[in-house]
Amino acid sequence: MTLQQQVEQTLSKLTERLKQNPDQEKLVSILQSHTSFICQAETLDDYLEETKRLIDLAFNKTTQNDERLADRLNDQLELLAKLALNQKLIDINAATEYKSRVGKMHQTLAQYRQYLAQFDDQIRLNPNLPAEHSIFKRRERCLSAILQLEEKISKIEQKGYGTNRFI
């Protein structure tokens, strides 16, 4: 059996264990905030699929010696193994990761609001700008991003991660 097959078999076993976990939302919350994952999905399957693609890339002849790729794959598999084997780890990490993730989202929201204020100031200082000017488009995109981020924060906070019910 090749190393790639062994890694794929390990991922398969981890997948089975993770899918048996009744609290998929906590798992996804932890995976969303982990730096080795690129996707920011709402389902466990997307993270598992990303790891499968990473395995294929890591063992591809053109990218086989890429250390960053191997390190990322190792980090992903290590986290998946910890989550599959240790329920208590999930409970403790859920609270910690929640605080970190929501805190970053609030910082980003504050930054977006500063951008919006700057756009509004520019528009007020230049009342004769045509309606098709790029500043209006940028302001609308910024406002849209603020609304999306507020909605995301609201959903996460409604789930209640980080409260004492998990610890």
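Annotations
- Verdict on Ala70 being small (Gly, Ala, Ser) and modelled with pLDDT of 85 or more: no
- Taken together, the criteria place Lys104 among residues that are loosely packed, with under 14 Cβ neighbours inside 10 Å, closer than 30 Å to Leu57 by Cβ and either modelled with pLDDT of 90 or more or not assigned by TED's automatic domain parsing to the domain that holds Arg53 (or both).
- Residues of segment 25-59 satisfying the condition of being over 20 Å from Lys104 (Cβ atoms) and touching a residue at least 12 places away in the same chain (Cβ under 8 Å): Thr43, Leu44, Leu48, Glu50, Thr51, Lys52, Leu54, Ile55, Leu57, Ala58, Phe59
- Answer residue from segment 1-55, given it is over 18 Å from the mean Cα position of the chain (by Cα) and either among the aromatic types (Phe, Trp, Tyr) or not in a helix (DSSP H, G or I) (or both) and is farthest from Asn74 (Cα to Cα) among those: Pro22
- Residue match in segment 13-24 (condition: without any contact (Cβ under 8 Å) to a residue 40 or more places away in the chain and closer than 23 Å to Gln158 by Cα): yes
- Among the residues of segment 107-152, those that are assigned to a loop (DSSP other than H, G, I, E, B) and either surrounded by fewer than 11 Cβ atoms within 10 Å (Cβ to Cβ) or assigned by TED's automatic domain parsing to the domain that holds Glu42 (or both) comprise Asn126, Pro127, Asn128, Pro130, Ala131, Glu132.
The values are calculated or read from the model by the stated rules, or taken from the named source; none is laboratory data. The model shown is predicted, which means the values in this text are computed figures rather than measured ones. All Cβ positions, even for glycine, are placed from backbone atoms using ideal geometry, and neighbour counts span all protein chains on display.
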